[in-house]
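The values are calculated or read from the model by the stated rules, or taken from the named source; none is laboratory data. These numbers were taken from a predicted model, which means no experiment stands behind them. Every residue, glycine as well, gets a Cβ built from its backbone with ideal geometry; the counts of neighbours run over all protein chains shown. Each accessible area value is taken on the protein alone, full model and side chains, heavy atoms only, with ligands, DNA and RNA left out. Shrake-Rupley method; radii C 1.70, N 1.55, O 1.52, S 1.80 Å.
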Amino acid sequence: MKKAIGLCAALMMTSTCALTGHAEPGDPDEVVASVDGVTLLRKDMDKTIGAIVTAQNISEVHQTEAHKYLEKGVVNNFVVKTLLKNDAKQAGITVTDEDRKKHETQVEANLKRMGKTLDQYFKESPFGEETARKEFEENILIEKLIRAKVLDAVEVDDAEVEKVIADAKARNAALEEAAKQAEPKEAKRTKIEGLKKQLDEGADFAELAKAHSDCPSGARGGDLGTFQRGQMVKPFEDAAFAQEIGKVGDIVETQFGYHLIRVTAKNPAAEANGDAPAKPESVAASHILVKIETPQQPPTPVPAAEEVREQLKRQKSQPAIMDYIKALKGKAKIETVVPIDLE
């Protein structure tokens, strides 16, 4: 439903019309848009824009520019929704309790994943609970209208549905195979522990780095050069700045894998002196990295045939929806003082 509305709002094209005899700009009772006699007042448009500005936390310095941009979006949305609601009325389409219950169930399933209820959604709406509930009802009506006028006429072959399902199964099989091939984390830990043991027994750090490190720095014997605080991930940074010069510290785990770090120099912070700028504390270090495999994306549930059919219908219906809205605009009397494109 929301996809259909968003698409409708994007369908404004070409010529611009202007209302005649309207009040001075800024008058809250100024009619900023009219669709077959249904009007949008400036105070209502400004209220909607104000809610969007607040919800998106737009800074004061950008609010004037944002207001001009949002005017077009609000008027576009008003025009398209009014056209659709008017056509639903002419077609005798209404929202039944069954329609309402079905839509509520779908929305509640999405909200549940965010830990919210439908009532919370309405009460927390930046547009106010009353407006949110009204829009919810209108969206059900528009969804029903779009289905009757466009979606029901869209055909999807069984072969198309079967291909989507087969592709989903193939992706899951590939993910499962990749997970089987990945070396387990325990093996990586064992490897880094073995390298640490060799270093404790006197092995050359640079030679082990060249032979075993998964970091490009391995080619340089693990040399990372000099770095300041904030330039490395936190666990690595904490260990490097805490270690003694010349000693290999304990194994450090980061999101990249397991590290063995050897600090080769420490440079204390220095205050500015004459032409010499201040310098922050820094260290020079080398490391050996044993990468931990990035967790594979888990297999996703294979969609049911009816779910796939519905998705394909919606994809195929976009050009038809555009043509439908274009036809509605062509038959309607649309006027606006906001410079939007109308065909």
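For the chain, treating each Cα as an identical point scatterer without solvent, what Debye log10 I(q)/I(0) comes out at q = 0.06, 0.07, 0.09 1/Å? Values, matching the q order: -0.47, -0.61, -0.80. When the Gaussian network model of the chain links Cα atoms closer than 10 Å, the mean-square fluctuations of A278, A304, A265 top out at A278.
Using a 1.4 angstrom probe, figure out how much accessible area the chain has per residue, in square angstrom, rounded to the nearest whole.
I get 60 Å² per residue for the chain.
Helical runs assigned H by DSSP (4 residues or longer) give the chain a calculated mean residue ellipticity at 222 nm of -17000 deg cm²/dmol, each run adding -39500 (n - 2.57) before division by the residue total. Computed from Cα positions, the angle between helix 42-55 and the longest principal axis of the chain comes to roughly 20 degrees.
Going by alpha carbons, how many degrees (0 to 90, nearest 10) lie between the helix axis of 63-90 and the longest principal axis of the chain? Between helix and principal axis, roughly 50 degrees. Pick from G37, G274, G194 the residue whose mean-square fluctuation is largest in a GNM of the chain, springs joining Cα atoms under 10 Å. Among G37, G274, G194, the largest GNM mean-square fluctuation belongs to G274. Over all distinct Cα-Cα pairs of the range 242-305, the Kirkwood formula returns a hydrodynamic radius of 15.6 Å. Surface composition of the chain: carbon and sulfur make up 51 percent of the accessible area, probe 1.4 Å. In units of the rule-of-thumb radius 2.2 N^0.38 Å, the range 277-343 shows an alpha carbon radius of gyration of 2.64. With one equal scatterer per alpha carbon and no solvent term, the Debye-computed log10 I(q)/I(0) for the range 66-176 at 0.20, 0.22, 0.24 1/Å reads -1.13, -1.19, -1.26.
Between E244, E293, E310, the Gaussian network model of the chain with springs among Cα atoms under 10 angstrom shows the greatest mean-square fluctuation at E244. Other residues with beta-carbon under 11 Å from the beta-carbon of E155 carry, at +1 per Lys or Arg and -1 per Asp or Glu, a net charge of -1.
Compactness of the range 179-246 is given as radius of gyration and Dmax, 13.9, 41 Å, from Cα positions. For the chain, a simple Cβ point-charge model (Lys and Arg +1, Asp and Glu -1, everything else neutral) yields a dipole of about 380 debye relative to the Cα centre.
One way to sum up the overall shape of the range 189-338 is the equivalent ellipsoid from its Cα gyration tensor, whose semi-axes run 57, 28, 11 Å, largest first. Going through the cross-link list K196/K234; K102/K163; K123/K144; K116/K163; K116/K188, which pairs have a Cα-Cα distance over 31 Å in this structure? Correct reply: K116/K163; K116/K188.
If you build the convex hull over the alpha carbons only and average its shadow over all orientations, what do you get for the range 139-181? Give it in nm² to one decimal. Don't skip to the answer; put the middle values down first.
Working: hull surface 18.7 nm².
The directionally averaged projection comes out at 4.7 nm².
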